[in-house]
Amino acid sequence: MRLAGNASQLPFLMGAIGMADTTGRYMVLVPAAQSAGYAIGPVLVGLVIVEATYSQASLISLVFFVLCLVLLVPIIRRMERAQ
């Protein structure tokens, strides 16, 4: 299921970053950030599960999701207004 989520979201995110980044400096960081998330995310969630519960791990995932929305939505709105 995770792969299907990435297959549908990553092209949109890369497109949004590509439209916002005219120099291409940040676009090259997308694969690095994705790889870092794949490496660090499971470790952090595993540590949370060992010390706490699965529901707290889900809560932390929700917090990171909301943080991503807070960072991405203003950029997308600014790009829509610019067009």
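Per-residue answers, yes or no, for (1) over 17 Å from L10 (Cα atoms); (2) in a loop (DSSP other than H, G, I, E, B); (3) in contact with a helix residue (DSSP H, G or I) (Cβ under 6 Å, 6 or more places away or on another chain):
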| residue | (1), (2), (3) |
| --- | --- |
| T22 | yes, yes, no |
| M27 | no, yes, yes |
| Y38 | no, no, no |
| V48 | yes, no, yes |
| S61 | yes, no, no |
| P74 | yes, no, no |
| M79 | yes, no, yes |
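Residue by residue, here is whether (1) among the basic types (K, R); (2) surrounded by 10 or more Cβ atoms within 10 Å (Cβ to Cβ); (3) at pLDDT 80 or above holds:
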site: I17; (1), (2), (3): no, yes, no
site: M27; (1), (2), (3): no, yes, no
site: E51; (1), (2), (3): no, no, yes
site: A57; (1), (2), (3): no, yes, yes
site: L67; (1), (2), (3): no, yes, yes
site: I75; (1), (2), (3): no, yes, no
site: Q83; (1), (2), (3): no, no, no
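The values are calculated or read from the model by the stated rules, or taken from the named source; none is laboratory data. Note that the coordinates shown come from a computational prediction; the quantities given were computed from them, not determined experimentally. Every residue, glycine among them, receives a Cβ derived from its backbone with ideal geometry; neighbour counts consider all protein chains shown.
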